């Protein structure tokens, strides 16, 4: 795994061979973020409603002192960002340990992402995108509903990660629309290509 700071680099460009790789429709980072905002707002509202309606989270709101809860929430936010990206990487080939697994941090764009430079299947690409949402947002909610114990930090982690995952959800929607079933995907970081495997 590599951690890189700043814009996507020249060495991550990819040249299609014999026109077999089809470029994915790409948006600028800014436009992608704008498109993800409605998904984040809807998902956030839904999860707040679910936590409020089906868990005792309201009863725990006053259990943490005011000055401390600000510090606690900042720690959870930073932790959620780090764990979110590491979960993406974990579902890469060889658990994200190869140099082809990249965590890209671009402070000027307020942008962070994890991607794999090699070839992966369409289904695995979508699995990689969805797993942080399932692990950090859905599973904590299910646990809280099941055992009816809802520490405020767990609810905050779940809800904050919903916002972090809005870009992942948009990427999954785009993949489902553009990439045929059974295709393989190759990423250069921000840009991507897919290839339809020929029947043997």
Check the stretch 178-188 and report whether any residue there is assigned to a helix (DSSP H, G or I), more than 26 Å from residue 70 (Cβ to Cβ), free of Cβ contacts under 8 Å to residues at least 60 places away in the same chain and touching a helix residue (DSSP H, G or I) at 6+ places or on another chain (Cβ under 8 Å).
no
So residue 170 clears everything in (1) touching a helix residue (DSSP H, G or I) at 6+ places or on another chain (Cβ under 7 Å); (2) over 23 Å from residue 73 (Cβ atoms); (3) not in a helix (DSSP H, G or I) except one condition, right? Which one?
(3)
Looking at 139, 135, which is the one that is modelled with pLDDT of 95 or more, surrounded by fewer than 21 Cβ atoms within 10 Å (Cβ to Cβ), touching a helix residue (DSSP H, G or I) at 6+ places or on another chain (Cβ under 8 Å) and over 20 Å from residue 29 (Cα atoms)?
135
Per the filter on the stretch 86-99, residues without any contact (Cβ under 8 Å) to a residue 40 or more places away in the chain and within 20 Å of residue 173 (Cα to Cα) are 92
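Name the single residue that is surrounded by the most Cβ atoms within 10 Å (Cβ to Cβ) among those in the stretch 116-126 being in contact with a strand residue (DSSP E or B) (Cβ under 9 Å, 6 or more places away or on another chain) and part of a helix (DSSP H, G or I).
Across the stretch 116-126, the extreme among qualifying residues is 125.
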Pairs under 8 Å by beta carbon, first residue at positive phi and touching a residue at least 24 places away in the same chain (Cβ under 8 Å) in the stretch 137-152, partner outside any helix (DSSP H, G or I) and surrounded by 21 or more Cβ atoms within 10 Å (Cβ to Cβ), six or more apart or different chains?
148/55
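For the stretch 161-180, what are the residues that are closer than 30 Å to residue 47 by Cα and more than 12 Å from the chain's Cα centre (by Cα)?
Let us first name the residues in the stretch 161-180 that are closer than 30 Å to residue 47 by Cα, namely 161-179.
The answer is 173, 174, 175, 176, 177, 178, 179.
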Here is a list of conditions, (1) in a helix (DSSP H, G or I); (2) in contact (Cβ under 8 Å) with a residue 24 or more places away in the chain; (3) in contact with a helix residue (DSSP H, G or I) (Cβ under 9 Å, 6 or more places away or on another chain), and residue 194 meets all of them except one; can you say which number that is?
(1)
Test: residue in the stretch 100-115 that is buried (at least 19 other Cβ atoms within 10 Å of the Cβ), over 24 Å from residue 7 (Cα atoms), touching a helix residue (DSSP H, G or I) at 6+ places or on another chain (Cβ under 8 Å) and in contact (Cβ under 8 Å) with a residue 12 or more places away in the chain
no
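The values are calculated or read from the model by the stated rules, or taken from the named source; none is laboratory data. Model, not experiment: these values are computed from the prediction. Neighbour counts are summed over all protein chains in view; Cβ atoms, including those assigned to glycine, are modelled from backbone coordinates with ideal geometry.
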